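S.K.: There's a structure below that I have some questions on.
The values are calculated or read from the model by the stated rules, or taken from the named source; none is laboratory data. Treat the numbers as computed from the prediction; the structure is a model and nothing was measured. No Cβ is skipped: glycine too gets one built from the backbone with ideal geometry, and neighbour counts run over all protein chains shown. Side chains included, ligands, DNA and RNA excluded: accessible areas come from the protein's heavy atoms. Shrake-Rupley method; radii C 1.70, N 1.55, O 1.52, S 1.80 Å.
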Amino acid sequence: AQSVAQPEDQVNVAEGNPLTVKCTYSVSGNPYLFWYVQYPNRGLQFLLKYITGDNLVKGSYGFEAEFNKSQTSFHLKKPSALVSDSALYFCAVRDGSARQLTFGSGTQLTVLP
Amino acid sequence: EAGVAQSPRYKIIEKRQSVAFWCNPISGHATLYWYQQILGQGPKLLIQFQNNGVVDDSQLPKDRFSAERLKGVDSTLKIQPAKLEDSAVYLCASSEGLADYNEQFFGPGTRLTVL
C-alpha cells in the first residue's frame, strides 16, 4: 500500500526567507510524486511532479522539489517566500501498480509580511 | 482553456435527503475523478472513470453513493440518503489519460453540509 506523510500541519516563514514544506512517502515500486496547492474556496492546483530523471524538479511560481530516494522524501522548496504563497499544500504519490493518487493531510503555509 | 466546472458550489441538506453534484471536465480529458475532502484531510478518491467506464470505485460507499458518466464527458455524483458524516467538499478532477504520471486538474469543488 502507498502512503504519504506531511509531518507539519503548519509552517510559518517570513517574507523573503526560504521555505520548505516536508513530505515523505512509502510505495512498493517506483514513485510518481506530486505537489498541489489549495487556496481558500478553490480546488487543488498542480505545482510540480517527479517522474524520473533529475532529482531536482522545478515547477510553477518559483517552487521546486527535491526527490531523495534513500530518505523517501520529496520536500517542496522556494528560495524566497511571498505573502501570496500562503495556502494549503498537499503532497501526493502514486506508484506504477496503483490506480489511485494518495494525498497527504496537507501543510498550511503562512508567509508573514 | 476552460478549467473543470462544478455545480453547485455550496449545498446544505438535512440528513436522509438526497443530493447530486455535476462536473464538466476539461475538453478532451478522458479520465475523470471524484474526490471527497473532509476538513483537515487530503482528498480521498471516490471513483475514477476512463471515458464512460469505471476504472476504480473501491472506496465509493455504494450503498448510498452513485456516479455516472454516460456520454464520457460530464459526470454526476449522487448521495442518497445523506448522512452527517458526508459533510465535506466534493472535488472533481480530470486528466488527459490513465498514465500514472499525468497531473490532475481540479474543479473548485462543492461544499456539502448535512444537518
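S.K.: Let me spell it out: the conditions are (1) within 13 Å of the chain's Cα centre (by Cα); (2) part of a strand (DSSP E or B), and residue A:13 meets all of them except one. Which number is the exception?
M.R.: Just one mismatch for residue A:13, condition (1).
S.K.: To continue, here is another question. Among the residues that make up the range A:41-49, is at least one of them more than 24 Å from residue B:5 (Cα to Cα) and within 14 Å of chain B (Cβ to nearest Cβ)?
M.R.: First, pick out the residues of the range A:41-49 that are more than 24 Å from residue B:5 (Cα to Cα): none.
No, every residue in the range A:41-49 fails to be more than 24 Å from residue B:5 (Cα to Cα) and within 14 Å of chain B (Cβ to nearest Cβ).
S.K.: Related question: Here are A:61, A:39, A:32: which of them is touching a Lys or Arg at 6+ places or on another chain (Cβ under 6 Å) and modelled with pLDDT under 95?
M.R.: Being touching a Lys or Arg at 6+ places or on another chain (Cβ under 6 Å) and modelled with pLDDT under 95 holds for just one of A:61, A:39, A:32, which is A:32.
S.K.: When residue B:44 is evaluated against the numbered criteria (1) within 14 Å of another protein chain (Cβ to nearest Cβ); (2) out of contact with any strand residue (DSSP E or B) (no Cβ under 6 Å at 6 or more places or on another chain); (3) basic (Lys, Arg), which criterion, by number, is the only one it fails?
M.R.: Residue B:44 satisfies every listed condition except (2).
S.K.: Is one or more of the residues making up the range A:33-54 more than 25 Å from residue B:26 (Cβ to Cβ), surrounded by 18 or more Cβ atoms within 10 Å (Cβ to Cβ) and not β-branched (Val, Ile, Thr)?
M.R.: The answer is no, given that none of the residues of the range A:33-54 is more than 25 Å from residue B:26 (Cβ to Cβ), surrounded by 18 or more Cβ atoms within 10 Å (Cβ to Cβ) and not β-branched (Val, Ile, Thr).
S.K.: Still on this model: Among the residues of the range A:85-100, how many are under 21 Å from residue B:50 (Cα atoms) and open to solvent by less than 10 Å² (accessible area, probe 1.4 Å)?
M.R.: Residues flagged as under 21 Å from residue B:50 (Cα atoms) and open to solvent by less than 10 Å² (accessible area, probe 1.4 Å) within the range A:85-100 amount to 4.
S.K.: A follow-up question, please. Take the range B:1-31 and flag every residue that is modelled with pLDDT of 95 or more, part of a strand (DSSP E or B) and within 15 Å of the chain's Cα centre (by Cα).
M.R.: Hits for the range B:1-31 are B:5, B:6, B:7, B:10, B:11, B:19, B:20, B:21, B:22, B:23, B:24.
S.K.: Where residues in the range A:55-84 are outside any strand (DSSP E or B) and buried (at least 20 other Cβ atoms within 10 Å of the Cβ), which of them is nearest to the other protein chains (Cβ to nearest Cβ)? Please lay out each step first, then the result.
M.R.: Step one: filter the range A:55-84 for residues outside any strand (DSSP E or B), giving A:55, A:59-63, A:69-72, A:79-84.
Pick out the ones that are also buried (at least 20 other Cβ atoms within 10 Å of the Cβ) and you get A:63, A:81.
Working: A:63: 14, A:81: 22 Å.
This residue is A:63.
S.K.: Surrounded by fewer than 17 Cβ atoms within 10 Å (Cβ to Cβ), in contact (Cβ under 8 Å) with a residue 60 or more places away in the chain and in a strand (DSSP E or B): is that true of residue B:76 in this structure?
M.R.: Here the answer is no, as residue B:76 does not meet what is asked.
S.K.: So which residues in the range B:1-36 are within 12 Å of chain A (Cβ to nearest Cβ) and surrounded by fewer than 14 Cβ atoms within 10 Å (Cβ to Cβ)?
M.R.: Residues satisfying the conditions are B:9, B:10.
S.K.: Within the range B:79-115, track down each residue that is without any contact (Cβ under 8 Å) to a residue 40 or more places away in the chain and over 22 Å from residue B:9 (Cβ atoms).
M.R.: Of everything in the range B:79-115, those that are without any contact (Cβ under 8 Å) to a residue 40 or more places away in the chain and over 22 Å from residue B:9 (Cβ atoms) turn out to be B:99, B:100, B:101, B:103.
S.K.: Additional query: Evaluate the following for residue A:105: is it out of contact with any Phe, Trp or Tyr (no Cβ under 6 Å at 6 or more places or on another chain), within 14 Å of chain B (Cβ to nearest Cβ), open to solvent by 30 Å² or more (accessible area, probe 1.4 Å) and under 23 Å from residue B:89 (Cα atoms)?
M.R.: yes
S.K.: How many of the residues in the range B:39-60 are surrounded by fewer than 19 Cβ atoms within 10 Å (Cβ to Cβ), outside any strand (DSSP E or B) and more than 13 Å from the chain's Cα centre (by Cα)? Outline the logic, then answer.
M.R.: If we filter the range B:39-60 for residues that are surrounded by fewer than 19 Cβ atoms within 10 Å (Cβ to Cβ), which is where we start, we get B:39-41, B:44, B:50-59.
Okay, now just the ones that are also outside any strand (DSSP E or B), so B:39-41, B:51-52, B:57-59.
Okay, now just the ones that are also more than 13 Å from the chain's Cα centre (by Cα), so B:39-41, B:51-52, B:58.
Here the count works out to 6.
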